[in-house]
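Okay, structure first, notes after.
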Amino acid sequence: MSSFRIPKGTRDLFPPEIDRWLFLEQKIREYYSRFLYQEVRTPIFEHSELFMRGIGDETEVVSKEMYRFRDKAGRDLTLRPENTASLVRAAVENNFMEHLYPPRFYYIGPMFRYDKPQKGRFRQFHQFGVEILGDPTPQADAELIYTSVEFLREIGIDGLTLLVNSVGCRECRPGYLRELRAAAGQADLCDECRGRVAGNCLRIFDCKEEKCRRTVRDLPKILDFLCEDCRRHFDQMKDTLDQYQVPFRIDPTLVRGLDYYTKTAFEIISGQLGAQDALLGGGRYDDLFRELGGPDLPAVGFAAGMERIILHLADFSPPKRKKTMVIYQQPECLNHAIRVARRFWEAGHAALVEYAAQKFKKQFQRANRIEADFAVIIGPEEIRTGELSIKNLKTREQESIKEKDLTKWQKQNL
Ligand code: HAM
């Protein structure tokens, strides 16, 4: 065995699990194209400053979890821990708002966070995310949330809980944070949370310590401090979710782990995931464009953890396609077998020739291993008469057809 081992927190993806990934990726593309989203692919690494400015210096993601390195020219780079900041950078740099309409985008790809690995939590993980740029309305938030719930339902995942909140805006959040800090300063919190009070105070709502979980229930909640504009936005967003008949629970402690959110915040959680219960999360980020030096553009989006979705696709069985093994009786018949196999491949069908297993019996064993539906048998007699013997490996019936009729046979049987 090789002495090399996979790095901690990463995974190899291979069959049969990879079938679930291919299925999921295909469903994302198909589903989101219904709503006119277009795919965007940004680089795996960006200038570190983008994430520090975009996500926030004091977030756990930036302060503890970034895969940050210098390249040979001394540039300060980071493997992307998420894709929203990159998408905003790409949108400004390439002027998406001028050239791409509607400005609705999705992405699928690996993200990197130096997190403590456990069930559903990895250091290289995959997200798909969707973002609506330039739309300030609560209806855009509600449509986006509706698609996240409905998408999961369409791929067979039910029984999840949708949590929604509003995290306010530049106008109302500072007043709230003042109140929160004052109250949290007096409260019974763990050492780490006590340190958070002066800095990233909202993080105390995410603490898993029992003591803090109890304490935060009595701390002031942002929903009681929303300005008129944020309150109206939240109410209309909830009304529109009702229109979609999407059930939700208001969670005034849902604050999200990234600093760019304004107004709507939401998550979908699952009972099956233990501590890592969020299948997806997102919200509105009306200040991020400006924060990153772009125009004043509102936006809303979410990202889903694909590993966590895959864990929920338990009953999945991949679509099966018919397979044919092209079997040659003797090594002298191999070239003819290759010619026949080519007629399968070029007509778009799945077929295999076992070049190395020259024994007739061995080739049949291999046909069973790949669960082939048919074996096309080629021997000197078939070559002489211009015929093919075809055995249906499921029914064990065998027939002979003229080689020139192969296309017709394929149309009828594959
Ligand atoms: P996030 O909540 O940090 O948001 O991540 C979104 C989802 O990615 C999580 O709900 C979770 O399913 C998955 N995830 C996060 N970290 C890990 C990990 N270490 N291992 C496995 N899965 C993980 C964002 O990333 C935002 N960019 C979402 C967004 C888009 N907001 C607006 N637009």
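The values are calculated or read from the model by the stated rules, or taken from the named source; none is laboratory data. Predicted, not measured: the structure shown is a model, and the values here were computed from it. Reconstructed Cβ throughout: ideal geometry from the backbone, glycine too, with neighbour counts over all protein chains shown. The accessibility values were calculated without ligands, DNA or RNA, using every heavy atom of the protein model including side chains. Shrake-Rupley method; radii C 1.70, N 1.55, O 1.52, S 1.80 Å.
Of a type outside the set (D, E, K, R) and either under 19 Å from Ala142 (Cα atoms) or touching a Phe, Trp or Tyr at 6+ places or on another chain (Cβ under 8 Å) (or both): which single residue out of Gly175, Gly199 fits that description? Full working, then the answer.
On the way: Gly199 fails: either under 19 Å from Ala142 (Cα atoms) or touching a Phe, Trp or Tyr at 6+ places or on another chain (Cβ under 8 Å) (or both).
Checking each option against the conditions leaves just Gly175.
Checking each residue in segment 333-370 for being aliphatic (A, V, I, L, M), over 13 Å from Lys323 (Cα atoms) and free of Cβ contacts under 8 Å to residues at least 60 places away in the same chain picks out Leu334, Ala337, Ile338, Ala356, Ala357.
Only strands (runs of 3 or more DSSP E) wholly contained in segment 287-367 count here; list those with 2 or more residues that are under 30 Å from Ile108 (Cα atoms).
Details: elements: 299-305, 323-328, 350-352.
Filter on segment 287-367 gives 299-305.
Taking segment 12-36 as the range and being in contact (Cβ under 8 Å) with a residue 24 or more places away in the chain, over 15 Å from the mean Cα position of the chain (by Cα) and more than 21 Å from Phe122 (Cα to Cα) as the test, the residues that pass are Phe35, Leu36. Residues of segment 100-132 that are open to solvent by less than 10 Å² (accessible area, probe 1.4 Å), more than 24 Å from Phe248 (Cα to Cα) and either acidic (Asp, Glu) or more than 9 Å from the ligand (Cβ to nearest atom) (or both): Phe105, Tyr107, Gly109.
Let's see how each residue does on (1) open to solvent by less than 30 Å² (accessible area, probe 1.4 Å); (2) among the aliphatic types (A, V, I, L, M):
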| residue | (1), (2) |
| --- | --- |
| Gly282 | yes, no |
| Leu288 | yes, yes |
| Ala314 | no, yes |
| Gln329 | no, no |
| Ala351 | yes, yes |
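Of all residues in segment 353-405, those satisfying the criterion of being open to solvent by less than 40 Å² (accessible area, probe 1.4 Å) and small (Gly, Ala, Ser) are Ala357, Ala367, Ala372, Ala375, Gly379, Gly386, Ser389.
Within segment 137-160, is even one residue at pLDDT 95 or above, touching a Pro at 6+ places or on another chain (Cβ under 7 Å) and more than 13 Å from the ligand (Cβ to nearest atom)? Looking through segment 137-160, none of the residues is at pLDDT 95 or above, touching a Pro at 6+ places or on another chain (Cβ under 7 Å) and more than 13 Å from the ligand (Cβ to nearest atom). Looking across segment 294-309 at every residue that is more than 20 Å from Cys172 (Cβ to Cβ) and open to solvent by 10 Å² or more (accessible area, probe 1.4 Å), the one that is farthest from the ligand (Cβ to nearest atom) is identified as Pro295. If only residues of segment 26-54 that are more than 16 Å from the ligand (Cβ to nearest atom) and in a helix (DSSP H, G or I) are counted, the one that is most open to solvent (accessible area, probe 1.4 Å) is Gln26. On the stretch given as segment 55-88, residues that are touching a strand residue (DSSP E or B) at 6+ places or on another chain (Cβ under 7 Å) and not in a loop (DSSP other than H, G, I, E, B) total 11. For segment 245-253, does any single residue satisfy the condition of being within 26 Å of Cys193 (Cβ to Cβ), open to solvent by 30 Å² or more (accessible area, probe 1.4 Å) and within 13 Å of the ligand (Cβ to nearest atom)? Looking for residues that are within 26 Å of Cys193 (Cβ to Cβ), open to solvent by 30 Å² or more (accessible area, probe 1.4 Å) and within 13 Å of the ligand (Cβ to nearest atom), one finds none in segment 245-253, hence no. Scanning segment 200-212 for residues that are surrounded by 12 or more Cβ atoms within 10 Å (Cβ to Cβ) and part of a loop (DSSP other than H, G, I, E, B) returns Asn200, Cys207, Glu209. Counting the residues of segment 276-293 that are at negative phi and more than 12 Å from the ligand (Cβ to nearest atom) gives 5. Within segment 151-176, the residues that satisfy the criterion of being open to solvent by less than 40 Å² (accessible area, probe 1.4 Å) and in a helix (DSSP H, G or I) are Phe151, Leu152, Gly175, Tyr176.
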